[in-house]
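Here the structure is laid out as structure tokens; the discussion comes afterwards.
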Amino acid sequence: MREMKDSGIDWIGEIPDEWSIGRVKHAFNRKNEKAMQEDPIILSLARSGVRVRDVSNNEGQVAESYFNYNPVEIDDLLLNPMDLYSGANCSISKVSGVISPAYVNLKSMDGINPVFYDYYFKVQYWLMAFFAHGKGVSYENRWTLNTETLMNYPIVTLSYEEQCNRADYLDDKCAKIDAIIARQQEVIEKLKAYKLSVITEAVTKGLDPDVKMRDSGIEWIGEIPEHWAINKICWNYEVELGKMLDSKRITGVSLRPYLRNTDVQWNHINYENLNEMDFADNEVERYSIKPGDLMICEGGEIGRSAIVRDDAPLGIFYQKALHRIRARENKKSCVNFLYYTMYCMAKNNCLTNSPEKATIAHLPAEIMKSLRYPVPNIIEQQKISAYLNNKCDQIDSTISKKLIIINKLNDYKKSLIYEVVTGKMEV
């Protein structure tokens, strides 16, 4: 059994007796020179790793010049000092190029294996150890780890041979874990595709395989049962965009909670920690929601929808980024059937009808109202909805189980990396 000692650092705990604690500046040099290149290979750093950016299609932010970008060589260790909250945003570069000077570029000294310390730094992000050393305006705004703090940040010091052994061990173990995760993710994608096919088939063809069909005249729908109709949404439903955000959303005298685009996910609405905005008494009816309303995202993932259920809290409103679809009183409509139709249209990319001059893709109210969809009689709508509720619940349950497996594997991988880079596990 290896002798252990206290490292003196809370998040590290005990380390092997022959290890010590050093500083980043004792193991790495920070590269801060300028590339001064006319046509460089532009790199970006994400949690998935370092990759080459395609600036020809305006991917990400495009700089006027890349002369002041930092040159990156293979095996340089890149860290994002600005994103200390959302994940392990550091990686070894496997390609040469240039990267924004906003990132920290570390070149390992002799006797230092950058792969081992890449794993070490990932733990800092996961445990939010870096976050505790950040500075800025607020946690949400420009919370950054400055260079001086990073270069004096504590690291474990161990022999080069052991660094390599531990890095190789983690490469092997993590590759196997990632392969299992990838297989689970592949199954999830197949289940999602199957779910879409089930919904598409049901809302466009019905449940009777022997019914006589006719051409709908709409490409994405194809043939529909002969007795079905094709209607515009506005014939059966009222379509109303929410209120435009304004300065009174904070200072108004009648502040009320409202839904944003991000609060509406597929088949789920988040009612917790809602922002507030001023809604006058004469706006209550127009901008309030009630059970049975279908909320549809006007932008972002266009068409993402959820029904306001009976257990929804009272007194909730909504902003302009959402459509409120409400059944007309004189029409027999099944909002659940429309929800599945919107799911089908959104996932099959049938809602990309933004105006020509629009700078951001969105679904205007007039286009929303004019969308045409297949309409069986109300009894058939209800039967199809019940069938899809049951079928989609089964598929979603299987997906949830796969996601639980993925989460457990990710947690295990993080735990394994922590145990190895702090010396608690023998390799």
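Only one residue in 390, 410 is without any contact (Cβ under 8 Å) to a residue 60 or more places away in the chain, outside the structural domain of residue 121 (by TED's automatic domain parsing) and surrounded by fewer than 15 Cβ atoms within 10 Å (Cβ to Cβ), so which one is that?
On the way: 410 fails: without any contact (Cβ under 8 Å) to a residue 60 or more places away in the chain.
One residue alone meets the criteria, 390.
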*For segment 281-314, enumerate the residues that are crowded, with 21+ Cβ neighbours inside 10 Å, part of a loop (DSSP other than H, G, I, E, B) and over 27 Å from the mean Cα position of the chain (by Cα).*
none
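Is segment 298-316 home to any residue that is of a type in the set (S, T, N, Q) and on the phi > 0 side of the Ramachandran plot? Show your work before the answer.
The first filter runs over segment 298-316 and keeps only residues of a type in the set (S, T, N, Q), leaving 305.
With the extra rule that they be on the phi > 0 side of the Ramachandran plot, the set shrinks to none.
No, segment 298-316 contains no residue that is of a type in the set (S, T, N, Q) and on the phi > 0 side of the Ramachandran plot.
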*Those residues of segment 371-387 which are in contact with a helix residue (DSSP H, G or I) (Cβ under 7 Å, 6 or more places away or on another chain) and surrounded by fewer than 16 Cβ atoms within 10 Å (Cβ to Cβ), in sequence order*: 387
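For segment 270-280, give me the residue count where each residue is under 17 Å from the mean Cα position of the chain (by Cα) and crowded, with 17+ Cβ neighbours inside 10 Å.
So in segment 270-280, the residues under 17 Å from the mean Cα position of the chain (by Cα) come out as 270.
Those left that are additionally crowded, with 17+ Cβ neighbours inside 10 Å: none.
Of the residues in that region, 0 qualify.
One line per residue, one yes/no per condition, for (1) touching a strand residue (DSSP E or B) at 6+ places or on another chain (Cβ under 8 Å); (2) modelled with pLDDT of 90 or more; (3) assigned by TED's automatic domain parsing to the domain that holds residue 272:
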site: 303; (1), (2), (3): yes, yes, yes
site: 316; (1), (2), (3): yes, yes, yes
site: 319; (1), (2), (3): yes, yes, yes
site: 341; (1), (2), (3): yes, yes, yes
site: 344; (1), (2), (3): no, yes, yes
site: 351; (1), (2), (3): no, no, yes
site: 355; (1), (2), (3): no, no, yes
*For segment 179-227, enumerate the residues that are more than 20 Å from residue 387 (Cβ to Cβ) and either of a type in the set (A, V, I, L, M) or in contact (Cβ under 8 Å) with a residue 60 or more places away in the chain (or both).*
179, 180, 181, 182, 184, 185, 187, 188, 216, 218, 220
*Tell me, please, whether a residue that is more than 22 Å from the chain's Cα centre (by Cα), under 14 Å from residue 319 (Cα atoms) and at pLDDT 95 or above can be found in segment 227-239.*
yes
*Please tell me if residue 360 is touching a residue at least 60 places away in the same chain (Cβ under 8 Å), out of contact with any strand residue (DSSP E or B) (no Cβ under 6 Å at 6 or more places or on another chain), among the β-branched types (Val, Ile, Thr) and assigned by TED's automatic domain parsing to the domain that holds residue 302.*
yes
_Qualifying residue in segment 207-225 (condition: in a helix (DSSP H, G or I) and not charged (D, E, K, R))_ = no
*Could you tell me whether residue 165 is exposed (fewer than 15 other Cβ atoms within 10 Å of the Cβ) and of a type outside the set (Phe, Trp, Tyr)?*
no
*Could you grab the pairs with beta carbons closer than 6 Å, sequence gap of 6+ or different chains, first residue in segment 138-155 and among the aliphatic types (A, V, I, L, M) and surrounded by 11 or more Cβ atoms within 10 Å (Cβ to Cβ), second one in a strand (DSSP E or B) and at pLDDT 90 or above?*
155/22
*Which condition does residue 333 not pass, out of (1) more than 22 Å from the chain's Cα centre (by Cα); (2) under 29 Å from residue 282 (Cα atoms); (3) not in a loop (DSSP other than H, G, I, E, B), if it passes all the others?*
(3)
*Give me a count of the residues in segment 241-267 that are within 18 Å of residue 334 (Cα to Cα) and either buried (at least 19 other Cβ atoms within 10 Å of the Cβ) or modelled with pLDDT under 95 (or both).*
1
*Only one residue in 60, 22, 8 is assigned to a loop (DSSP other than H, G, I, E, B), among the small types (Gly, Ala, Ser) and either at pLDDT 90 or above or closer than 18 Å to residue 124 by Cα (or both). Which one?*
8
_Given (1) under 30 Å from residue 187 (Cα atoms); (2) touching a Gly at 6+ places or on another chain (Cβ under 6 Å), identify the lone condition not met by residue 396._
(2)
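The values are calculated or read from the model by the stated rules, or taken from the named source; none is laboratory data. Please read these numbers as outputs of a predicted model, since none were measured by experiment. No Cβ is skipped: glycine too gets one built from the backbone with ideal geometry, and neighbour counts run over all protein chains shown.
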